[in-house]
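Below: the structure, in structure tokens.
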Amino acid sequence: MRTREDILSELAELKAHPAKSYSGSMLKTAQKNQLMSELGRIETEEHFLNESNQHKFQFDNLEINISITKK
């Protein structure tokens, strides 16, 4: 699975090397849109992971860990 940093580096590379033709421009635009949608998906997943609720309870010698996350 690609990380956020991988996607950002690919976007920077696309910006550093602009297309020289119309078809090349169309290809790079499609690649950029795909990378942007993947970046949005990754950031959404990270946002929901950060919103999870962690609860720890301890009774005598028993420790209970409860994790509540959104789907």
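Other residues within the sphere of radius under 15 Å centred on the Cβ of S25, judged by their own Cβ, net out at +4 (K and R +1, D and E -1). Rounded to the nearest 20, the size of the Cβ-charge dipole of segment 4-68 about its Cα centre is 560 debye, with Lys and Arg at +1 and Asp and Glu at -1. Let's test the formula: R0 of 35 Å, r as the Cβ-Cβ distance of I66 and N33. What FRET efficiency results, to the nearest 0.05? Calculated transfer efficiency: 0.30.
Only the coordinates and a few stated rules stand behind these numbers; no lab work does. Keep in mind it's a predicted model, so treat the numbers as computed, not measured. Note that each Cβ is placed from the backbone with ideal geometry, even for glycine, and that neighbours are counted across all protein chains shown.
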